[in-house]
Every structure is written in C-alpha cells, then in structure tokens.
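The values are calculated or read from the model by the stated rules, or taken from the named source; none is laboratory data. The structure displayed is predicted, hence computed values, not measured ones. Neighbour counts run over all protein chains shown; Cβ positions are idealised from the backbone, glycine included. Protein only, heavy atoms only, side chains kept; ligands, DNA and RNA dropped before computing areas. Shrake-Rupley method; radii C 1.70, N 1.55, O 1.52, S 1.80 Å.
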Amino acid sequence: MTLKWLAVLVATVSVTLSVTGNVVVGVIDGGQLPLVVNLFALTAAGTAVVLAVLADLYDRLSDRLTALTEFLVSRLDEIESHTGDRNAGFVEGYLLNGGREAAVVPFGRRGRGAAER
C-alpha cells in the first residue's frame with residue numbers, strides 16, 4: 001500500500017472514530033468527547049491529508065522526471081548514432097596511418113593574388 005493511500009486511510013479512520021465517539025457519548029450522556037480527544041483526532045486527520053497530498057505530488061513529479069529522463073536518453077542515443085558515423089572515417093584513417101606524420105603544407109599569402117608570386 002502506498003504512502004498516499006495509507007495517509008487517506010488514517011485520515012478516514014481518525015475522522016470516523018471521532019464522529020462515532022462524539023455520537024455515542026452524545027446519545028449516552030448528552031455531551032461530547034473531551035476537547036483533547038477531538039483535537040487529537042482532527043490533528044491526525046489534517047496531518048494525514050497533508051501527507052496524502054504531498055505523496056501524490058511526489059508521485060506526479062517522479063513520473064514526470066522518469067518521462068523526461070527517458071526522452072533525454074532516447075534523444076542522446078539518436079544524436080550519438082549520427083555523430084558516431086561522422087567520426088568513424090577520421091578514426092579509421094588515423095589508425096591506418098601507422099604513425100607516419102603528414103607533411104606540413106603552408107598556407108599562401110593573404111591579400112594578394114597567387115599570380116604575383
């Protein structure tokens with residue numbers, strides 16, 4: 001049983017016992033239960049209701065975070081599959097090079113055309 005439903009059960013039982021106790025005492029003596037007992041029952045019921053609401057909000061937040069995580073994982077897998085293909089040729093070329101260094105080719109001059117050289 002989850003925390004939310006356990007809190008709802010505690011609130012229901014607390015209110016039911018308080019009302020039943022007040023009705024029984026009212027029928028027998030014409031009075032009501034002591035104030036401390038009524039306040040304790042109402043405090044327990046109120047706390048249980050707040051706890052049930054917080055547990056429900058936690059469940060909703062957890063479900064949303066799970067859905068967001070699954071979406072991000074699928075999106076990152078998709079991105080990785082595309083970028084992995086682009087880098088594969090570079091890595092294979094580097095490995096096939098066998099450690100030979102490539103010759104350095106200098107850039108031409110800027111600003112003037114190649115005809116003036």
| task | Within segment 1-24, track down each residue that is β-branched (V, I, T) and at pLDDT 90 or above. | result | V8, V10, T12, V13, V15, T16, V19, T20, V23, V24
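So that you can scan it fast, the table gives a plain yes or no per residue for (1) polar (S, T, N, Q); (2) touching a helix residue (DSSP H, G or I) at 6+ places or on another chain (Cβ under 7 Å):
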| position | (1), (2) |
| --- | --- |
| A11 | no, yes |
| V23 | no, no |
| D29 | no, no |
| A44 | no, yes |
| S62 | yes, no |
| E80 | no, no |
| What residue, of V8, V36, is touching a residue at least 40 places away in the same chain (Cβ under 8 Å) and of a type in the set (A, V, I, L, M, F, W, C)? | V8
| said: Take the residues in segment 32-65 that are under 15 Å from L17 (Cβ atoms) and open to solvent by 90 Å² or more (accessible area, probe 1.4 Å); name whichever of them is nearest to the chain's Cα centre (by Cα). | reply: L42
